[in-house]
Amino acid sequence: MSDRVLLLGVNGQDGILLSSLLGKKGSHIYGVGKDKKPSIELHEKVNYFSIDIRKTEHLLEFINHYEVNAIYNLAGISSVAYSFGNPVETFEINTFAVKRLLEGLRTNFKSGLRFYQASSSEMFGISETSMQDELTPFNPVSPYAESKVETHLHCRAMREEGFFVSAGILFNHESIYRPESFVTRKITSGLARISLGLQSSLTLGNLAAERDWGFAGDYVNAMYSIINHDKPDEFVVATGIKHSIQDIIDVAIKTLGLNNSTNEFIKLDESLSRPKDVKCLVGDARKCRSELGWIPKKSFESLISEMALHDFNLLKNKATKDQDH
């Protein structure tokens with residue numbers, strides 16, 4: 001099913017990887033992004049449109065015109081740090097725009113529409129449990145997390161009304177498509193520059209912070225399974241293994257063949273730490289594994305190595321081209 005798919009936020013990391021997966025599945029894909037043109041070359045089956053998710057009427061007209069029967073909402077403010085400085089915008093995009101869209105789709109749901117909401121592990125915030133699952137209480141400590149919780153609960157309420165509104169509570173997931181504003185890509189690109197002699201140091205915040213990091217390519221497979229499940233529900237998507245920011249640095253250093261000790265080129269800046277820093281989040285994805293048969297395939301080490309090598313080659317090729325000119 002789900003042959004006419006609307007993918008909101010197609011320009012982002014998850015949108016790029018999910019559109020590729022859907023293209024291979026034979027879906028007819030309508031990709032929506034805020035940019036006038038795609039930020040990257042998308043799968044050939046993606047029909048791209050520039051629409052602001054806050055323009056509810058425009059989106060509803062679009063959905064009805066193209067008879068969309070599945071919607072993945074991956075759009076929104078995704079940076080926790082950005083949300084602290086822009087809380088109103090964060091709620092406008094992550095919460096109110098989604099609520100208006102869902103309310104406007106009530107008739108479509110009765111005709112068989114399915115909706116997937118991208119929820120986040122940040123909703124758990126500073127948790128009292130060592131691992132978080134679908135029953136773990138939410139304790140948001142950032143505007144981003146608060147906006148995600150409110151939307152998640154609205155989706156749950158609509159599901160309880162009988163509408164097919166599902167959610168994936170995704171823990172941290174990365175790929176070569178991550179922007180450098182995210183710490184994983186900041187580290188791999190920064191160390192790649194250091195290895196090429198393009199910069200001498202990398203400034204970071206809290207190296208001890210721990211997260212459950214997985215491969216975004218594995219996680220979009222979970223999204224596909226969630227929206228195509230026989231009933232709407234919510235699922236934690238995670239590896240169940242925690243790693244620190246220091247671990248990311250160590251894997252990238254080893255991959256790039258850097259011989260220096262970490263302290264020689266890593267500088268710490270306390271101002272880069274969040275006002276309320278979540279020390280550790282680790283997901284319990286047993287429900288996702290048992291009900292959907294989903295299993296993450298790429299290891300943390302393979303993921304970080306792939307990102308580091310990608311950034312090294314990207315920067316090396318760019319430097320070569322610049323020299324040729």
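FYI, it's all coordinate maths here, none of it is from the lab. Fair warning: this is a prediction, and the values are worked out from it, not measured in the lab. Using ideal geometry, Cβ is built from the backbone for each residue, glycine included, and neighbour counts are taken over all protein chains shown.
Miscellaneous remarks
- Bridge type composition, the chain - antiparallel percent by DSSP, nearest 5: 5
- Structural descriptor for the stretch 27-117: relative contact order 30 percent, calculated from alpha carbon pairs under 8 angstrom and at least 6 residues apart.
- Normalised by the number of residues in the chain, the average gap of Cα pairs under 8 Å and 6 or more apart makes the relative contact order 17 percent.
- For ALA118, residues with placed amide H under 5 Å, excluding near neighbours: ASN73
- Listed residues SER27, HIS43, ASN64: farthest to the positive end of the dipole of the stretch 20-71 (Cβ charges): HIS43
- All-pairs alpha carbon distance profile, the chain, 20 Å steps from 0, percent: 31, 58, 11, 0
- The residues LEU315, LEU6, LEU18, when put in order of fewest to most other Cβ atoms within 10 Å, stand as LEU315, LEU6, LEU18.
- Diagonalising the gyration tensor over the Cα atoms of the stretch 175-325 and scaling each eigenvalue by 5 before taking the square root yields semi-axes of 32, 19, 13 Å, largest first.
- As a rough footprinting exposure proxy, the listed residues THR129, THR136 were ranked by other beta carbons within 10 Å of their own, and the order from fewest upward is THR129, THR136.
- Each part reduced to its alpha carbon centroid, the stretch 173-210 and the stretch 20-81 end up 29 Å apart.
- In terms of its alpha-carbon gyration tensor, the stretch 1-105 comes out oblate; a/c meets the 1.5 threshold, while b/c is at least as large as a/b.
- Cα gyration tensor category, rounded, prolate or oblate, for the stretch 11-169 with a/c compared to 1.5: prolate
- Projecting the Cα atoms of GLY125, ASN108, VAL80 onto the charge dipole of the stretch 55-191 (Cβ charges, centred on the Cα centre) puts ASN108 farthest toward the positive pole.
- Applying a threshold of 21 Å to the alpha-carbon distances of LYS148/LYS279; LYS186/LYS316; LYS254/LYS316; LYS110/LYS231; LYS254/LYS298; LYS25/LYS242 flags LYS25/LYS242 as lying beyond it.
- Net charge contributed by nearby residues that have their C-beta within less than 11 Å of VAL149 (K/R +1, D/E -1): -1
- CD proxy at 222 nm, helix term only [per DSSP H run n ≥ 4: -39500 (n - 2.57); per residue of the chain; nearest 500]: -12500 deg cm²/dmol
- Size of electric dipole in the stretch 122-174: Cβ of Lys, Arg +1 and of Asp, Glu -1, about Cα centre, debye, nearest 20: 100
- Distance from the Cα centroid of the stretch 112-155 to that of the stretch 231-245 is 12 Å (rounded to whole angstrom).
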